[in-house]
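Take a look at the structure set out below.
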Amino acid sequence: MLNHFWGFAQLPDNIPYPSNGEDNPMTLVCQFALGEGSVCVFADLDYFFGDIDVDGGHIGEWDSNLYKVLYAPTTQNLHEHEIRYEDGTSAVPEPRELTGYPSLVLSKPTCWQDELAQDYPDYQVLVQLEEDDDIGLRFYDCGTLFFLIKPEDLQARNFNRVKCVLYSY
């Protein structure tokens with residue numbers, strides 16, 4: 001399944017799976033087809049899944065070492081990267097289809113519109129990630145994590161300047 005939230009990332013062999021710099025693999029937030037290629041959005045979310053012993057993101061704009069957006073120019077010959085615990089069980093939430101999920105891809109924001117317009121007027125939402133009680137994902141108090149991109153960067157398939165920002169009450 002190419003278009004999904006969570007689950008395992010599918011990447012070409014020449015694109016390494018991102019880690020947080022401590023050999024801890026980042027969590028795949030979502031993967032979706034874009035034209036002939038594929039976009040994978042990753043973030044260091046362990047803290048927000050309840051692992052309070054790790055450093056995590058914070059309210060506001062995140063440092064670039066806490067997230068990564070990768071683009072593969074093709075959807076052919078992708079390799080699935082399974083992230084598993086030592087006992088072989090999956091270390092990531094089960095995949096969900098992009099449609100029908102409360103989070104959004106390439107859409108207008110459903111919340112924090114005024115803050116986004118003020119703080120990031122030249123950006124659009126690449127991904128909006130909501131809290132999810134079913135998988136134990138909490139962003140402080142009713143928070144939302146946004147991955148933002150400039151329209152010209154999206155058109156050029158340049159994901160090096162994506163911003164990641166968390167808003168919460």
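A few comments on the model shown:
To keep it simple, each residue is scored yes or no on (1) in contact with a His (Cβ under 9 Å, 6 or more places away or on another chain); (2) more than 20 Å from Glu130 (Cβ to Cβ); (3) not charged (D, E, K, R).
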{"site": "Pro12", "(1), (2), (3)": "yes, yes, yes"}
{"site": "Asn20", "(1), (2), (3)": "no, yes, yes"}
{"site": "Met26", "(1), (2), (3)": "no, no, yes"}
{"site": "Ala33", "(1), (2), (3)": "no, yes, yes"}
{"site": "Tyr47", "(1), (2), (3)": "no, no, yes"}
{"site": "Gly60", "(1), (2), (3)": "no, no, yes"}
{"site": "Tyr71", "(1), (2), (3)": "no, yes, yes"}
{"site": "Ile83", "(1), (2), (3)": "no, yes, yes"}
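- Among the residues of region 96-111, those identified as buried (at least 17 other Cβ atoms within 10 Å of the Cβ) and either in a loop (DSSP other than H, G, I, E, B) or touching a Phe, Trp or Tyr at 6+ places or on another chain (Cβ under 8 Å) (or both) are Arg96, Leu98, Ser103, Val105, Pro109.
- Within region 70-86, considering residues that are in a loop (DSSP other than H, G, I, E, B) and open to solvent by 90 Å² or more (accessible area, probe 1.4 Å), the one farthest from Leu34 (Cα to Cα): Glu86
- Condition check for Pro93: assigned to a loop (DSSP other than H, G, I, E, B), out of contact with any strand residue (DSSP E or B) (no Cβ under 7 Å at 6 or more places or on another chain), open to solvent by less than 40 Å² (accessible area, probe 1.4 Å) and modelled with pLDDT of 90 or more: yes
- Residue match in region 39-51 (condition: surrounded by fewer than 15 Cβ atoms within 10 Å (Cβ to Cβ) and either among the hydrophobic types (A, V, I, L, M, F, W, C) or outside any loop (DSSP other than H, G, I, E, B) (or both)): no
The values are calculated or read from the model by the stated rules, or taken from the named source; none is laboratory data. Given the structure is predicted, the values throughout are model-derived calculations rather than measurements. Cβ atoms come from the backbone with ideal geometry, glycine included; neighbour counts cover every protein chain shown. The area values use the complete protein model at the heavy-atom level, side chains included, leaving out ligands, DNA and RNA. Shrake-Rupley method; radii C 1.70, N 1.55, O 1.52, S 1.80 Å.
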